[in-house]
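Before any comments, here is the structure.
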Amino acid sequence: MNSLDTSLLPTRSRRRQFLRMLQNNPSIAIGGGLVLLVVLAAVLAPLLTHWDPIEQDLLNTLQAPSAAHWFGTDDYGRDIFARVIYGARITLFEVCLSVAISMVIGIPLGIISGLAGRKIDALIMWVMDIIFAFPGIVLAILIVSVLGEGLANMLIAISLFSIPVYARLSRNLTLGLKNMEYIEAAHMLGVRYPRIITHYILRNSIGPLIVQSTLTAGAVVLSAASLSFLGLGVQPPMPEWGTMMSDGRNFLGLNIYVSLFPGLAILITVLGFNVLGDGLRDVMDKRL
């Protein structure tokens with residue numbers, strides 16, 4: 001076997017292992033495919049349609065799906081297909097930013113709670129329990145009502161009620177890892193806490209945290225759409241799926257497509273993240 005064939009062996013082995021994982025865990029393939037579909041729609045939106053998602057055409061309002069308008073038009077004559085795929089950009093932005101904020105705040109709080117003494121642990125978990133006691137969407141409505149409507153305040157509200165999820169998870173993982181022999185050995189060798197956290201605790205916690213982030217992403221999509229539907233999130237004429245469903249509820253008897261297609265987009269996105277999270281959990285959890 002020449003050197004070229006030898007160099008290809010690891011790549012072929014990884015590809016074969018990846019395909020075997022997809023075969024044994026179809027949830028990853030299905031969920032990942034749905035999420036990838038939404039991502040591609042957002043990235044390739046200018047190539048998929050020539051219609052402006054905000055441009056109005058009052059002479060062609062509430063049209064049914066046709067060759068010119070694949071999903072029909074809304075009450076302002078705007079192309080629904082264009083608004084749905086451009087709305088994917090807003091939705092993915094909401095997901096990425098909300099999950100990132102929640103993880104950046106929640107994970108350090110959980111690690112500190114797991115490593116610190118009982119008093120600090122009790123204080124942090126007491127605050128997290130208070131936040132967690134409120135239903136997420138109710139807490140978000142309360143925060144947005146105080147801060148004011150808009151995308152920024154909505155993201156703050158959604159991120160806040162997601163923080164306890166990551167704080168609790170990272171605390172439990174830290175409590176389980178800090179007594180492991182290799183961490184005790186690192187202590188005996190004089191390794192400082194920052195290095196122990198980054199090289200031992202976070203590295204061994206990345207799997208469950210990734211799984212949780214995919215599950216949180218689905219909840220973020222639903223919460224953002226709900227707040228926008230109530231008029232507390234993204235404001236018209238921005239093409240946000242919840243706002244589109246709210247606009248179309250007054251025309252269900254004339255044109256159901258105004259609300260149907262953004263609703264299907266929400267369904268596909270949430271289903272994709274949830275199924276992907278279940279598949280990743282099955283792969284990363286050795287007990288399963």
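Against the definition (closer than 24 Å to Phe251 by Cα and touching a Gly at 6+ places or on another chain (Cβ under 9 Å)), how does Asp52 come out, yes or no?
no
Here is a list: Arg89, Arg15. Which entry is under 26 Å from Ile206 (Cβ atoms) and either at pLDDT 85 or above or part of a helix (DSSP H, G or I) (or both)?
That would be Arg15, the only listed residue that is under 26 Å from Ile206 (Cβ atoms) and either at pLDDT 85 or above or part of a helix (DSSP H, G or I) (or both).
Any idea how many residues of the range 74-84 are more than 17 Å from Ser246 (Cβ to Cβ), crowded, with 23+ Cβ neighbours inside 10 Å and touching a residue at least 40 places away in the same chain (Cβ under 8 Å)?
Here the count works out to 1.
Can you name every residue in the range 112-160 that is open to solvent by 20 Å² or more (accessible area, probe 1.4 Å), within 10 Å of Gly233 (Cα to Cα) and either out of contact with any helix residue (DSSP H, G or I) (no Cβ under 8 Å at 6 or more places or on another chain) or part of a loop (DSSP other than H, G, I, E, B) (or both)?
Scanning the range 112-160 gives Gly148, Glu149, Ala152.
Taking the range 267-285, which residues are among the charged types (D, E, K, R) and either closer than 16 Å to Ala88 by Cβ or assigned to a helix (DSSP H, G or I) (or both)?
Within the range 267-285, Asp278, Arg281, Asp282 qualify.
Given (1) in a loop (DSSP other than H, G, I, E, B); (2) open to solvent by 10 Å² or more (accessible area, probe 1.4 Å); (3) of a type outside the set (Asp, Glu), where does Arg203 come up short, assuming only one miss?
Of everything listed in (1) in a loop (DSSP other than H, G, I, E, B); (2) open to solvent by 10 Å² or more (accessible area, probe 1.4 Å); (3) of a type outside the set (Asp, Glu), Arg203 misses just condition (1).
Which numbered condition trips up Ile196, out of (1) surrounded by fewer than 16 Cβ atoms within 10 Å (Cβ to Cβ); (2) at pLDDT below 90; (3) not aromatic (Phe, Trp, Tyr)?
Of the numbered conditions (1) surrounded by fewer than 16 Cβ atoms within 10 Å (Cβ to Cβ); (2) at pLDDT below 90; (3) not aromatic (Phe, Trp, Tyr), the odd one out for Ile196 is (1).
Please verify whether the range 248-266 includes one or more residues that are charged (D, E, K, R) and either assigned to a loop (DSSP other than H, G, I, E, B) or open to solvent by less than 60 Å² (accessible area, probe 1.4 Å) (or both).
Looking for residues that are charged (D, E, K, R) and either assigned to a loop (DSSP other than H, G, I, E, B) or open to solvent by less than 60 Å² (accessible area, probe 1.4 Å) (or both), one finds none in the range 248-266, hence no.
Exactly one of these conditions fails for Leu40: (1) over 18 Å from the mean Cα position of the chain (by Cα); (2) open to solvent by 20 Å² or more (accessible area, probe 1.4 Å); (3) modelled with pLDDT of 95 or more. Give me its number.
(1)
Do the conditions hold for Thr174, that is, is it buried (at least 20 other Cβ atoms within 10 Å of the Cβ) and more than 22 Å from the chain's Cα centre (by Cα)?
Criteria met by Thr174.
Looking at the range 65-83, can you tell me whether even one residue there is modelled with pLDDT of 95 or more, farther than 17 Å from Gly263 by Cα and either part of a helix (DSSP H, G or I) or among the β-branched types (Val, Ile, Thr) (or both)?
Checked against the condition, which is being modelled with pLDDT of 95 or more, farther than 17 Å from Gly263 by Cα and either part of a helix (DSSP H, G or I) or among the β-branched types (Val, Ile, Thr) (or both), the range 65-83 yields no hits at all.
Evaluate the following for Thr214: is it open to solvent by less than 10 Å² (accessible area, probe 1.4 Å), modelled with pLDDT of 90 or more and either at positive phi or out of contact with any strand residue (DSSP E or B) (no Cβ under 8 Å at 6 or more places or on another chain) (or both)?
For Thr214, the condition - open to solvent by less than 10 Å² (accessible area, probe 1.4 Å), modelled with pLDDT of 90 or more and either at positive phi or out of contact with any strand residue (DSSP E or B) (no Cβ under 8 Å at 6 or more places or on another chain) (or both) - is not met.
Among the numbered criteria (1) open to solvent by less than 60 Å² (accessible area, probe 1.4 Å); (2) more than 20 Å from Ser205 (Cβ to Cβ); (3) outside any loop (DSSP other than H, G, I, E, B); (4) among the hydrophobic types (A, V, I, L, M, F, W, C), which one does Leu62 miss?
Checking Leu62 against (1) open to solvent by less than 60 Å² (accessible area, probe 1.4 Å); (2) more than 20 Å from Ser205 (Cβ to Cβ); (3) outside any loop (DSSP other than H, G, I, E, B); (4) among the hydrophobic types (A, V, I, L, M, F, W, C), the one that fails is (3).
The values are calculated or read from the model by the stated rules, or taken from the named source; none is laboratory data. Since the model is a prediction, treat every value here as computed from it, not as a measurement. Positions of Cβ are generated from backbone atoms using ideal geometry, with glycine treated the same way; all protein chains shown enter the neighbour counts. In case anyone asks, the SASA skips ligands and DNA or RNA and just uses the protein heavy atoms, side chains included. Shrake-Rupley method; radii C 1.70, N 1.55, O 1.52, S 1.80 Å.
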